Amino acid sequence: MLDELWTELEISIAIAMTHRIDVPLMYPPRRQMQTSEETRADAALVGRIVGGDERALGELYDRHSGLLFGLLLRILKQRGDAEEVLQEVFVQAWTRADTYNETLGSPAAWLIGIARNRAIDRLRTNAARLRAVEQTMPSASIETPETSASTSEKQRDVQRALAVLPPEQRELITHAYFDGLTQSELAERFNLPLGTVKTRIRTGLLTLRGLLQRSLIKQ
Amino acid sequence: MTSPDHEELRARIGAYVLGALTPAEMAEVRAHLAGCPECAAEARAIQAVADALAWSVEPIDPPAAIRQRVLSAVTSTTARQRVQTRGSWLPWLAAAASLAVAAGLGADGVRLRGRIQTLELQLRDALVQVQAGERRTTQARLVAANAERQLSVLADPDVAHVDLKGQAAAPRASARALWSRSRGLLFTASNLPAPPAGRTYQLWIISGRAAPISNGWIFKTDATGSVTTMFDTPTTLPAPTGMAVTIEPDGGTTAPTGAMTLVGSFK
């Protein structure tokens, strides 16, 4: 295990030294999904959390719990699971706030990363995965009786971009992102050659990139 | 098996940024990105897109109770109790970071340090897991040692036993005690109701007309009302004639005050 970590460290150093890139990758400023003002306010909250300010955690929660709960429900399908993971995400944000590095992305992206990793881990380790795959819906959002937090500009941008994508690409990308399926599992599930799955995912993401860039610059 | 070539790895980049690969496949792509600027640039370009997918979901307000649960959970974790940065690998990482800066990386050095922090955390996780493993081993040893002690009581040819019967407070309860002067007292009971809050069960050894003896022999029952436990008894203990269990204030008392729940006499 330690060997693997050392290898990873060596690879990271090699990447940084030879290609001068950062890992993981950040949003270039003009394409940020959050306005820089929101990001700055969030970063200030994270700074206070590092200092042990519980009220700052409460504020961070108020700002992002709706986004994260929506995401967790979409991934996990089960309310109980989503509620537990949401709780874990913010407890981790509290205990690990000192690991947040603003050169690597916005606090919102950091929280999303934590939430998605935990949710996919849970999907992959418990039997909920089977249920989730059975109940998988295309890209429609979940109907819920409770009040939705308001849909922001950036949500509409991403939704629009996804809607423009050819359905066969969108389908594979959303199943990979929200259901934690690997490319081989996707090939099996959709009865497609593995090469086709790879091409569709990659082409789809590159197309999305173009769409999001345009729509966000237009603002 | 030969390792996958550039074209194959490049084709996997989309799945890579979505995390849609097996751990082994992820590692192959990661290693390739380290040596291929072209693929690394593409991965960087679409990683941001993959991260943005979360925003396609409609936000949903979580139940209000979750906020409270999060805040009470963190109140018990003060900033000081958080995972601290220490351990023998730190000098190595610090050295690696300074080397990187010395190599003229400048701003990238700062990012590299961020990456190193991430790796430090992974190492810390690994250490925490090792410690958890050690804790489990220690627990297993304790359980084994306890079982050995219990067996040693049973194996003593001079073992005495007493059956205890439930009294008015717990008519369905029953218990058995096995006592060996040299090896201690093995006590097992079942169907005991949970004691009231702030109260605990305490075991007493009765020796004729003398005051009941209890060297802090208190015990808890599990969810089903059962317990099996060992107590050390002084080798100078007067010959016991009976045994009783009472309900006492938490921590136990020096003389019984509560009602008797179980009573029995040595044969």
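The values are calculated or read from the model by the stated rules, or taken from the named source; none is laboratory data. None of these values were measured; they are calculated from a predicted model. Cβ: placed from backbone, ideal geometry, glycine included. Neighbour counts: every protein chain shown. To get the accessible areas, we keep the full protein, side chains included, count just its heavy atoms, and leave off ligands, DNA and RNA. Shrake-Rupley method; radii C 1.70, N 1.55, O 1.52, S 1.80 Å.
Out of the residues in region B:183-209 that are part of a strand (DSSP E or B) and hydrophobic (A, V, I, L, M, F, W, C), state the one that is most open to solvent (accessible area, probe 1.4 Å). Across region B:183-209, the extreme among qualifying residues is B:Ile206.
Considering A:Arg122, A:Arg116, the condition of being in a helix (DSSP H, G or I), within 20 Å of A:Glu171 (Cβ to Cβ) and at pLDDT 85 or above is satisfied by A:Arg116 alone.
Note on region A:88-112: residues that are open to solvent by less than 30 Å² (accessible area, probe 1.4 Å) and either acidic (Asp, Glu) or touching a residue at least 12 places away in the same chain (Cβ under 8 Å) (or both) amount to 12.
Put simply, of B:Val130, B:Val153 the only residue that is in a helix (DSSP H, G or I) and in contact with a Ser or Thr (Cβ under 6 Å, 6 or more places away or on another chain) is B:Val153. Within region B:215-229, the set of residues being touching a Leu at 6+ places or on another chain (Cβ under 7 Å) and open to solvent by 20 Å² or more (accessible area, probe 1.4 Å) comprises just one member, B:Thr221. The number of residues in region A:178-193 that are free of Cβ contacts under 8 Å to residues at least 12 places away in the same chain, within 21 Å of A:Leu71 (Cβ to Cβ) and assigned to a helix (DSSP H, G or I) comes to 1.
The single condition among (1) surrounded by fewer than 21 Cβ atoms within 10 Å (Cβ to Cβ); (2) at the interface with chain B (Cβ under 9 Å from one of its Cβ atoms); (3) within 13 Å of the chain's Cα centre (by Cα) that A:Glu83 does not meet is (3). Tell me, please, whether a residue that is more than 30 Å from A:Asp98 (Cβ to Cβ) and either among the aliphatic types (A, V, I, L, M) or modelled with pLDDT of 90 or more (or both) can be found in region B:116-139. No, that holds for no residue. The set of residues in region B:161-182 that are assigned to a strand (DSSP E or B) and out of contact with any strand residue (DSSP E or B) (no Cβ under 7 Å at 6 or more places or on another chain) contains only B:Ser180. When the residues of region B:200-232 are narrowed to those that are among the β-branched types (Val, Ile, Thr) and under 13 Å from B:Ile247 (Cβ atoms), which ends up modelled with the lowest pLDDT? Of everything passing the filter in region B:200-232, B:Thr221 is modelled with the lowest pLDDT.
Screening B:Pro62 against (1) at the interface with chain A (Cβ under 7 Å from one of its Cβ atoms); (2) in a helix (DSSP H, G or I) leaves a single unmet condition, (2). B:Asn191 falls short on exactly one of the conditions (1) modelled with pLDDT under 90; (2) under 31 Å from the mean Cα position of the chain (by Cα), and that condition is (1).
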